[in-house]
Amino acid sequence: MALWERLRRGLARTRENVLAPLEATVRARGGLDSEALEELEALLLSADVGLEVADEIVQIMQERLGEEGADWTVVQTTLEEAIATLLSGAERPWTPPSTRPGVLLFVGVNGSGKTTTVAKVAHLLKNQGLRVLLAAADTFRAAAIDQLAHLGKEIEVEVVSHRPGADPGAVVHDALEHAKSKGYDLVLIDTAGRLQTKRPLMEELGKIRRVVEKLAGRPPDERVLVLDATVGQNAISQAQLFHEAVGLTGLTVTKLDGTAKGGSVIPIWRALRIPILWVGIGKGLEDLEPFRAQDFARALVRR
Ligand SMILES: Nc1nc2c(ncn2[C@@H]2O[C@H](COP(=O)(O)OP(=O)(O)OP(=O)(O)O)[C@@H](O)[C@H]2O)c(=O)[nH]1
Ligand SMILES: [Mg+2]
């Protein structure tokens, strides 16, 4: 399936919730009159873009199309452009760090999709020809170690793990040593889910970061917060303490396929100003896309 098609399918719930009623109204009223603009605002709010962004989009639409009648396709194109503009800074295409092995650390609250995302990113990068190693630094539960081992097998990527209850820092230490000795390009570190409010667990992330600093001479090249899109804008409040713990460099927004709140990507970017590296659009290992503002806007607005 083409990349674009997969993203379009993943965003179907958000798109159809907004687009179908909007199209009906615009067609019935022959353009974006005040009633259609009001409906647009309500639909944007239901997609969880938040009041500020909804107002901004409505204003852009009004300035460009208000008063005079406008064709549905023109409305669609204008909406797509408005969303792409709001998201343009959120895009940072990922490239492998020049010093090897590069290290990517994935953090987030329980169940946000970290382990799945680690496997998906490993799969993607392996397919780009990079040699990838996984580190099972979620030692909290035996099932978590098994989950990563299983995914590693599926994508044919080696996994370094210790027994349940082991020190996550020790796993990361071993993984980095192993990666260096075997000439791996990248180490992707899976961590245990944690509430940002639980101090000792957040300090554990700081410790993982320091282990990498000591061995690699620099912090993990990416510190990625994995956010669950079904939580919508509430994800914003999770980010601050993770940022304090590891200094976030990027986001991955997962489960966009399972929600009509896909619009929350816009306020999440506006509030955090941390680039979105990848988006998750399904449970499968192929269901991950590098985030591109233009493609994302297009998938939200074009059927
Ligand atoms: N629909 C959908 N489901 C997803 C996506 N990403 C992850 N999931 C599902 O979300 C659930 C939790 O995923 P995990 O990767 O185990 O989450 P986690 O953050 O590692 O969980 P903990 O380690 O327990 O904190 C699983 O059932 C995944 O299949 C996605 O993009 N779309
Ligand atoms: Mg996990």
Q: Identify, from the list LEU215, LEU188, the residue that is within 15 Å of ligand 1 (Cβ to nearest atom) and of a type in the set (A, V, I, L, M, F, W, C).
A: LEU188
Q: Would you check if GLY69 is away from ligand 1 (no atom under 16 Å from the Cβ) and surrounded by fewer than 19 Cβ atoms within 10 Å (Cβ to Cβ)?
A: yes
(Q) Between ILE266, ILE208, ILE276, which is within 16 Å of ligand 2 (Cβ to nearest atom) and crowded, with 20+ Cβ neighbours inside 10 Å? (A) ILE208
Q) Residues LEU125, LEU134: which one is buried (at least 22 other Cβ atoms within 10 Å of the Cβ), within 23 Å of THR95 (Cα to Cα) and of a type outside the set (Gly, Ala, Ser)? A) LEU134
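One line per residue, one yes/no per condition, for (1) in contact with a strand residue (DSSP E or B) (Cβ under 7 Å, 6 or more places away or on another chain); (2) of a type outside the set (Gly, Ala, Ser):
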| residue | (1), (2) |
| --- | --- |
| PRO101 | yes, yes |
| VAL121 | yes, yes |
| ASN127 | no, yes |
| ALA170 | no, no |
(Q) So, LEU300, is that one outside the structural domain of GLY193 (by TED's automatic domain parsing), assigned to a helix (DSSP H, G or I) and not β-branched (Val, Ile, Thr) or not? (A) yes
Q. List pairs: first in the range 166-192 and farther than 20 Å from GLU204 by Cβ and part of a strand (DSSP E or B), second within 16 Å of ligand 2 (Cβ to nearest atom) and of a type in the set (A, V, I, L, M, F, W, C), Cβ under 9 Å, 6+ apart or cross-chain?
A. LEU186/LEU104; LEU186/ALA122
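Determine whether the range 98-110 contains at least one residue that is within 16 Å of ligand 2 (Cβ to nearest atom) and of a type in the set (S, T, N, Q).
yes
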Q: Taking PRO219 as meeting all but one of (1) assigned to a helix (DSSP H, G or I); (2) surrounded by fewer than 18 Cβ atoms within 10 Å (Cβ to Cβ), write down the number of the exception.
A: (1)
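The values are calculated or read from the model by the stated rules, or taken from the named source; none is laboratory data. Quantities reported herein were computed from a predicted structural model and do not represent experimental measurements. Because the Cβ atoms are built from the backbone with ideal geometry, glycine has one as well, and the counts that use them run over all protein chains shown.
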